[in-house]
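A.B. asks: I have a structure here, written as structure tokens, and I will follow up with some questions on it.
The values are calculated or read from the model by the stated rules, or taken from the named source; none is laboratory data. All values derive from a computational prediction rather than experimental measurement. With ideal geometry, Cβ positions are generated from the backbone for all residues, glycine too; neighbour counts draw on all protein chains shown.
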Amino acid sequence: MAGRLPRSLFLRLYRRNFGKLLFFSSCLATGVAFLFAVGNVLDAVDRSVSERSRELLAADLEVSSNRPFTHDAQALFETLRSEGSRVIPMTSFSSMLRPNSDSGVPFLVSVKAITEEYPLYGRLTLEPPGVPLGISECYLEDTAAVQHGLTVGDRVGLGSASLRIAALIKAEPDKSMTRFSFAPRVIITRDTVARTGLVRFGSRIRQRRLIALPPSNDPASAARAAVKRIAAGLASPYVRITAFPDAEPTISRVLKRVTGFFVVVALVTLILGAIGMGASLTLFLNEQLPTVGVLRCLGLGSNAIALLYHSLCGVVGLQGAFLGSVGGWLLSGAALGILREALGMTVPVTLSFDWLTMLEALGVSAVVAIGVPFARVRALSGVAPLAVMRDKTEALPDRPGPAVILALASLAAIYGYTLLKSNSSEMARGFAIGLVVAAAGLAFLTAAAVRGVESFAKRFPGLPFALRHGLLIVGRERARSRIFLFTLSAGFGLLGALDLVRTSLSREILLGKAESVPDLFLVDIQKPQLKGVQSLTRSFSGNEPEYSPLIRARFTHINDEPIRRKPKEGLTLEERSRQRFLLREYNLTYKDKLNGSEKIIAGNFWSPGETKAQISLEKGFSERMQVGLGDRLRFDIQGRPIEAVVTSLRTIDWMSMKPNFFVVLPRAVLEPAPQNFIASFRLSSRDNMPEYQRALGRGFPNVSVIDLSKVLDQVQDVLTTLLAALKGVAWFCVGVGLLVLAGTIALDRRAHARRNALLKALGCSARSLIAIDTVSFSMIGLLTFVIGCLTALGLGRLIAHMLEISFFVDAAAVGKTLAAALLFPTIVGLLVNARAYRADVLKTLRAD
Amino acid sequence: MILTAENLIKEFSTPRKVLRILDGVSFSVSAGESVAITGPSGSGKSSLLGLLAGLDRPTEGRVLFKGQALADMGEDGLSAWRRNCVGFVFQNFELVSSLTALENAALPLEILGTSTRDAAATAGNALETLGMSSRADHFPNELSGGEQQRVAIARAYVHQPEIIFADEPTGSLDEETAESVVKALLQVNEERKTALLLVTHNPDLAGRLDRVLTIHGGSVA
Ligand SMILES: Nc1ncnc2c1ncn2[C@@H]1O[C@H](COP(=O)(O)OP(=O)(O)OP(=O)(O)O)[C@@H](O)[C@H]1O
Ligand SMILES: [Mg+2]
């Protein structure tokens, strides 16, 4: 029979159920709204983070080289200048600084020569503040001044120049965590460099250009684009170009995860909305059974019925898209306002509302609204008329075919959409498969739980009246219980999973702030000094710092093939860069035990006492070197060759701030080699810092202290900002989820009121009715809690894995969310049905 | 007098106007008496029965049970009264869909606090009397209209109420089954002196009861 849509019927049905349909649309709309708000919010977060991270570079980009810039390069900088960029030169090199007193011992410093325009972003904090730098003056890092008993006004020797300390450096913008030099900072003017006589041919000097691009709407992309352009223009392996978003890997890595998390949250909200809509639409369709029965008996074909209800679902989708777009726009506005305050943003962020987004909303809503209840509508239209008439209150029969199709379709839809949003096929695959597996598991668990409740109530007929009937309601009204349980445990499971992922991420981010993370480094400890430094440091830090031996070495052979400098003509840029990489001098270390931040991902790490020469390589390093397990590497340690086989590959969590090395060998193999040590630790009290430094300066003047606490604080600051945004977003998602779930419970009011009216007619007191409902809702709550916990753990682990976050179960945090799951159905259920306990019986029964 | 209706008025307000269904209905029923209520369709029989059983509130007038006004009993008192003294058969049966026939019939006893086992035994006997024991474990949607009606009747008297209200209890039954149902109700009425108020369109059935009240134009004659 042709499926002609009975239009008047459709309109009547729509008008009759307008309120409900609007609610279904709103469920969907919250998800859609959030999906769009998240785009705008992400944009804002991204910008405010990049605003801060370019302070960590003091520029939009930095171009650096160990050789003087060529004429081509100079010309390129001129072009940039003429286009409105600011380009300032900077030079850095290492040298010894000599205090001008009798007791003063020379120490290694890292010199930076600047111009007046430095820094382009961020601030150089001095003590006393704002002191200008003269040609025969310098600024010295405050920690070094304390250690060596120097103050403002003292004179120091640098090369052949004698300089007066004009001020102490308290904070320097571009001293980032990963690029810090192993020596305290001295800043001089560029004109002073010549006076020192240190810049001669062959000395290791790094030439830099700091560049601030003209203001742009998207500084990060602009910086990256400029990097590409300069790299192409210079085409030199000796030049390193860094854009500010990539200057601080910790931040960009965290930002990447946070972005991933936002996308997951957005998808979860959409899924919550879809579940809420699906559940309530299913309840609605079940309620439609009698109507459909009559229509079928009156001769309306099943195709016409299918068309009727598909159209109704389609209208729900349209309304959802409209509400969602408008809501998303308003939500973005509100969120941006809050974020601008919270993040202290200065970059203007514009709200975007374009037709493409609107179209996307339309597509998503239509697909979800028609797709999710598709199987239900099919079942509704296909059912035999008489069976419908009889089957007044029970649910539609389940048919496996459409359910399987629905599962496959959602798999494809979630995959496609995640791919579109996250640009990561791995994430899309994981998410899609994970969700579908979770849904199947949930369907199975809820069905089993409901059956379990029924057989429990049946097995114990001696249970008190309210308890028995409360349980029977859950166990016997199977279809409804299953919808509730599924919706609630999926909802709370997702929320719990988000909570777990968020707390894992926060934990990882805040680890930098934790007491355990070292913020002080000692460098250049000589072997004979080790015992003394150890006992001195132990008395100040309260625990045993980690000491790592440091051995300088060059690689000479890979699998017997010598590494030779080939004439650079005839080599591609890539080959030249690899050649440089291979010819560099490296710091090796030896140890027989991994520290907590390392993980073996291939091969096996040796056991303590190993004497056979072997190597453990960092994964990224092995990739750049193009070697793997089983390859033989030969290197040269001050003239002595050593050969070893790669037996394991490691990953390193650089955020741990532990001293880590690309190349590690067994202790017994390297112990005799010439070496010095570095140490990382934290003082038991920051107040002891000057005293510790003075003691160290007296006993071991050559040992430098590198203080990373300020840098760490700066990075932490940015990360904490991200966390705040994260939390806000997650809470919003919880809010939406709870509303949708509450709505689903509320939808069941009618069937509920009817049963209560009947029991009341039979003489049940309001108190017993409340007791029965409390039992049944609490039972749903309990099951939600159990199933929700399982779901949260499973999905949480999956999402964490996808975002490369080490999964950590914060029982207290997730406990709170899931405790809500325990009480939520009861509270909402009793509130929603409160009126029914007092309602007139006949009125309620007639209301059908 | 076990039940007295005093000048009952019932109005429904519809969007367009106020409908007065009952317009000053007064009568009394003495203990153990059986009364038939007849009248054309839509005359307000079901509405009257609902008022008498305290399932709805009259617009004006009052209903007294053994001299006490239902309106004065309070919500909890009314519930207690219904579970102890009243049995009710709805025109469209109104069984709890998630309970079996036996469980539905046993429900009033369970509400009274009888153990599930004893309640089931008593309800089982009642169903047997009505020829329903073979369907005791079926759910309402697996029963025919007549079968559902018999479960509803069993549910109305298992707890030995003082008064039973039955809204067309034989409406969906064939003659033979109807006869057995009427017999069961009359037997309860006679043996336990249970008052019986029964709405019916069937003049023969009405004639078998002690008294017939006819509703017409909102009042009884
Ligand atoms: N809640 C209500 N709102 C408006 N009108 C109502 C309401 N309840 C009942 N009525 C009207 O009151 C009148 C009496 O209804 P009632 O069900 O009492 O009739 P009845 O005598 O039992 O009829 P029948 O023999 O067909 O069962 C009907 O016209 C009905 O439409
Ligand atoms: Mg009636």
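A.B. asks: So which of B:54, B:50, B:44 is closer than 20 Å to residue B:169 by Cα, more than 15 Å from ligand 2 (Cβ to nearest atom) and crowded, with 19+ Cβ neighbours inside 10 Å?
C.D. replies: Values: B:50 fails: more than 15 Å from ligand 2 (Cβ to nearest atom); B:44 fails: more than 15 Å from ligand 2 (Cβ to nearest atom).
Exactly one residue qualifies, and that residue is B:54.
A.B. asks: Checking residue B:98 against (1) within 16 Å of ligand 2 (Cβ to nearest atom); (2) facing chain A (nearest Cβ under 8 Å), which single condition isn't satisfied?
C.D. replies: The one condition residue B:98 does not meet is (1).
A.B. asks: Further question on the same structure: Exactly one of (1) within 16 Å of ligand 1 (Cβ to nearest atom); (2) part of a loop (DSSP other than H, G, I, E, B) is unmet by residue B:149. Its number?
C.D. replies: Unmet condition: (2).
A.B. asks: Can you tell me how many residues within the stretch A:814-841 are within 14 Å of chain B (Cβ to nearest Cβ) and either closer than 16 Å to residue A:491 by Cβ or of a type outside the set (Phe, Trp, Tyr) (or both)? Walk me through how you get there before you give the answer.
C.D. replies: Initially, the stretch A:814-841 is screened for residues within 14 Å of chain B (Cβ to nearest Cβ), giving A:834-841.
Within this subset, residues satisfying the condition of being either closer than 16 Å to residue A:491 by Cβ or of a type outside the set (Phe, Trp, Tyr) (or both) are A:834-836, A:838-841.
Total satisfying the criteria: 7.
A.B. asks: Let me confirm something: among B:113, B:87, which residue is within 10 Å of chain A (Cβ to nearest Cβ), surrounded by 19 or more Cβ atoms within 10 Å (Cβ to Cβ), of a type outside the set (A, V, I, L, M) and touching a helix residue (DSSP H, G or I) at 6+ places or on another chain (Cβ under 8 Å)? Walk me through it before giving the result.
C.D. replies: Details: B:113 fails: surrounded by 19 or more Cβ atoms within 10 Å (Cβ to Cβ).
Within the list B:113, B:87, the selection yields B:87.
A.B. asks: In addition: Please determine, by comparing only the residues of the stretch B:198-209 that are more than 16 Å from ligand 2 (Cβ to nearest atom) and either assigned to a helix (DSSP H, G or I) or within 14 Å of chain A (Cβ to nearest Cβ) (or both), which one is modelled with the highest pLDDT. Spell out the reasoning first.
C.D. replies: Step one: of the stretch B:198-209, the residues more than 16 Å from ligand 2 (Cβ to nearest atom) are B:203-204, B:207-209.
Among the residues that remain, those that are also either assigned to a helix (DSSP H, G or I) or within 14 Å of chain A (Cβ to nearest Cβ) (or both) are: B:203-204, B:207.
Values: B:203: 89, B:204: 89, B:207: 92.
Once the filter is applied, the top-ranked residue is B:207.
A.B. asks: It is to be established whether one or more residues within the stretch B:128-140 are buried (at least 19 other Cβ atoms within 10 Å of the Cβ), within 13 Å of another protein chain (Cβ to nearest Cβ), closer than 18 Å to residue B:96 by Cα and in contact (Cβ under 8 Å) with a residue 60 or more places away in the chain.
C.D. replies: no
A.B. asks: Has the stretch B:21-28 got any residue that is over 21 Å from residue B:170 (Cα atoms), more than 16 Å from ligand 2 (Cβ to nearest atom) and not in a strand (DSSP E or B)?
C.D. replies: No; the residues of the stretch B:21-28 include none that is over 21 Å from residue B:170 (Cα atoms), more than 16 Å from ligand 2 (Cβ to nearest atom) and not in a strand (DSSP E or B).
A.B. asks: Looking at this structure, is residue A:844 within 14 Å of chain B (Cβ to nearest Cβ), more than 16 Å from ligand 2 (Cβ to nearest atom) and either touching a helix residue (DSSP H, G or I) at 6+ places or on another chain (Cβ under 9 Å) or not in a loop (DSSP other than H, G, I, E, B) (or both)? It would help to see each step written out before you state the result.
C.D. replies: Working: within 14 Å of chain B (Cβ to nearest Cβ): yes; more than 16 Å from ligand 2 (Cβ to nearest atom): yes; either touching a helix residue (DSSP H, G or I) at 6+ places or on another chain (Cβ under 9 Å) or not in a loop (DSSP other than H, G, I, E, B) (or both): yes.
Yes; evaluated as a whole, the condition is true for this residue.
A.B. asks: Filter the stretch B:198-219 down to residues that are within 16 Å of ligand 1 (Cβ to nearest atom) and aliphatic (A, V, I, L, M) and give me whichever is surrounded by the most Cβ atoms within 10 Å (Cβ to Cβ). Outline the logic, then answer.
C.D. replies: At the first step, the residues of the stretch B:198-219 found to be within 16 Å of ligand 1 (Cβ to nearest atom) are B:198-203, B:205-206, B:212-219.
This time we only want the ones that are aliphatic (A, V, I, L, M), so: B:198-199, B:205-206, B:212-213, B:215.
On the way: B:198: 27, B:199: 24, B:205: 18, B:206: 19, B:212: 15, B:213: 21, B:215: 21.
Here the answer is B:198.
A.B. asks: Of all the helices (runs of 4 or more DSSP H) wholly in the stretch A:411-517, which have at least 2 residues that are away from chain B (no Cβ under 14 Å) and modelled with pLDDT under 90? If you could, list the steps in order and put the result at the bottom.
C.D. replies: Details: elements: A:425-459, A:465-476, A:478-510.
By residue number, A:425-459, A:478-510.
A.B. asks: Something else now. Kindly provide the set of residues from the stretch A:774-798 that are within 20 Å of residue A:477 (Cβ to Cβ) and of a type in the set (Ser, Thr, Tyr), ordered by number.
C.D. replies: Scanning the stretch A:774-798 gives A:774, A:776, A:778, A:784.
A.B. asks: Out of the residues in the stretch B:167-177 that are within 16 Å of ligand 1 (Cβ to nearest atom) and in contact (Cβ under 8 Å) with a residue 40 or more places away in the chain, state the one that is nearest to the other protein chains (Cβ to nearest Cβ).
C.D. replies: So the residue we want is B:167.
A.B. asks: Within the stretch B:30-39, identify whether any single residue is within 14 Å of chain A (Cβ to nearest Cβ), within 13 Å of ligand 2 (Cβ to nearest atom) and surrounded by 15 or more Cβ atoms within 10 Å (Cβ to Cβ), and answer yes or no.
C.D. replies: Filtering the stretch B:30-39 down to residues within 14 Å of chain A (Cβ to nearest Cβ) leaves none.
The answer is no; no qualifying residue exists.
A.B. asks: Could we say that residue A:67 is modelled with pLDDT under 85 and in the same structural domain as residue A:190 (by TED's automatic domain parsing) here? If you could, list the steps in order and put the result at the bottom.
C.D. replies: Details: modelled with pLDDT under 85: yes; in the same structural domain as residue A:190 (by TED's automatic domain parsing): yes.
The answer is yes for residue A:67.
A.B. asks: Quick one: how many residues across the stretch A:48-75 are surrounded by fewer than 20 Cβ atoms within 10 Å (Cβ to Cβ) and in a helix (DSSP H, G or I)?
C.D. replies: Residues meeting the conditions: 5.
A.B. asks: Does the stretch A:230-287 hold any residues that are outside any strand (DSSP E or B), touching a Lys or Arg at 6+ places or on another chain (Cβ under 9 Å) and among the hydroxyl-bearing types (Ser, Thr, Tyr), and which are they?
C.D. replies: Within the stretch A:230-287, the subset outside any strand (DSSP E or B) is A:230-238, A:244-287.
Keeping just the survivors that are touching a Lys or Arg at 6+ places or on another chain (Cβ under 9 Å) gives A:236-238, A:244-248, A:251, A:261, A:263, A:265-267, A:278, A:280-287.
Of everything in the stretch A:230-287, those that are outside any strand (DSSP E or B), touching a Lys or Arg at 6+ places or on another chain (Cβ under 9 Å) and among the hydroxyl-bearing types (Ser, Thr, Tyr) turn out to be A:236, A:238, A:280, A:282.
A.B. asks: When both residues are 6+ apart or on different chains and their Cβ atoms are under 6 Å apart, which pairs have a first residue that lies in the stretch B:73-84 and is at the interface with chain A (Cβ under 7 Å from one of its Cβ atoms), and a second that is hydroxyl-bearing (Ser, Thr, Tyr) and buried (at least 20 other Cβ atoms within 10 Å of the Cβ)?
C.D. replies: What qualifies is B:76/A:765; B:79/A:765.
A.B. asks: Kindly establish whether residue A:139 is at pLDDT 90 or above and aromatic (Phe, Trp, Tyr).
C.D. replies: Yes; evaluated as a whole, the condition is true for this residue.
A.B. asks: Also: Do the conditions hold for residue A:763, that is, is it buried (at least 23 other Cβ atoms within 10 Å of the Cβ), small (Gly, Ala, Ser) and in contact (Cβ under 8 Å) with a residue 40 or more places away in the chain?
C.D. replies: Numbers: buried (at least 23 other Cβ atoms within 10 Å of the Cβ): yes; small (Gly, Ala, Ser): yes; in contact (Cβ under 8 Å) with a residue 40 or more places away in the chain: no.
Criteria not met by residue A:763.
A.B. asks: Moving on to the next point. Can you tell me which residue among B:215, B:153, B:164 is modelled with pLDDT of 90 or more and within 14 Å of ligand 2 (Cβ to nearest atom)? Steps first, please.
C.D. replies: Numbers: B:153 fails: within 14 Å of ligand 2 (Cβ to nearest atom); B:164 fails: within 14 Å of ligand 2 (Cβ to nearest atom).
The match here is B:215.
A.B. asks: To continue, here is another question. I'd like the full set of residues that are closer than 16 Å to residue B:90 by Cα and either more than 6 Å from ligand 1 (Cβ to nearest atom) or touching a residue at least 40 places away in the same chain (Cβ under 8 Å) (or both), limited to the stretch B:42-53. Spell out how you get there, then give the answer.
C.D. replies: We begin by selecting, within the stretch B:42-53, every residue closer than 16 Å to residue B:90 by Cα; these are B:42, B:44-53.
Passing the criteria: B:44, B:45, B:46, B:48, B:49, B:50, B:51, B:52, B:53.
A.B. asks: Let me ask another. Would a scan of the stretch B:178-197 turn up a residue that is within 16 Å of ligand 2 (Cβ to nearest atom), crowded, with 21+ Cβ neighbours inside 10 Å and more than 14 Å from chain A (Cβ to nearest Cβ)?
C.D. replies: Let us first name the residues in the stretch B:178-197 that are within 16 Å of ligand 2 (Cβ to nearest atom), namely B:197.
Within this subset, residues satisfying the condition of being crowded, with 21+ Cβ neighbours inside 10 Å are B:197.
Within this subset, residues satisfying the condition of being more than 14 Å from chain A (Cβ to nearest Cβ) are B:197.
Yes: one or more hits.
A.B. asks: Here's another thing I want to ask about it. In the stretch A:146-169, is there at least one residue being surrounded by fewer than 18 Cβ atoms within 10 Å (Cβ to Cβ), more than 30 Å from residue A:698 (Cα to Cα) and touching an Asp or Glu at 6+ places or on another chain (Cβ under 9 Å)?
C.D. replies: Restricting attention to the stretch A:146-169, the residues satisfying the condition of being surrounded by fewer than 18 Cβ atoms within 10 Å (Cβ to Cβ) are A:149, A:151-155, A:157, A:160, A:162, A:164.
If we keep only those that are more than 30 Å from residue A:698 (Cα to Cα) too, we end up with none.
Within the stretch A:146-169 (the criterion being surrounded by fewer than 18 Cβ atoms within 10 Å (Cβ to Cβ), more than 30 Å from residue A:698 (Cα to Cα) and touching an Asp or Glu at 6+ places or on another chain (Cβ under 9 Å)), the answer is no, since none of the residues qualifies.
A.B. asks: What tally of residues in the stretch A:794-848 results from selecting those that are in contact with a Ser or Thr (Cβ under 7 Å, 6 or more places away or on another chain) and of a type in the set (Asp, Glu)?
C.D. replies: Going through the stretch A:794-848 one residue at a time, the tally reaches 1.
A.B. asks: Considering B:56, B:23, which residue is over 26 Å from residue A:837 (Cβ atoms), within 13 Å of ligand 1 (Cβ to nearest atom) and of a type in the set (Asp, Glu)?
C.D. replies: B:23
A.B. asks: Restricting to the stretch B:26-41, name every residue that is within 16 Å of ligand 1 (Cβ to nearest atom) and β-branched (Val, Ile, Thr).
C.D. replies: If the condition is that a residue be within 16 Å of ligand 1 (Cβ to nearest atom) and β-branched (Val, Ile, Thr), then B:35, B:37, B:38 are the ones that fit.
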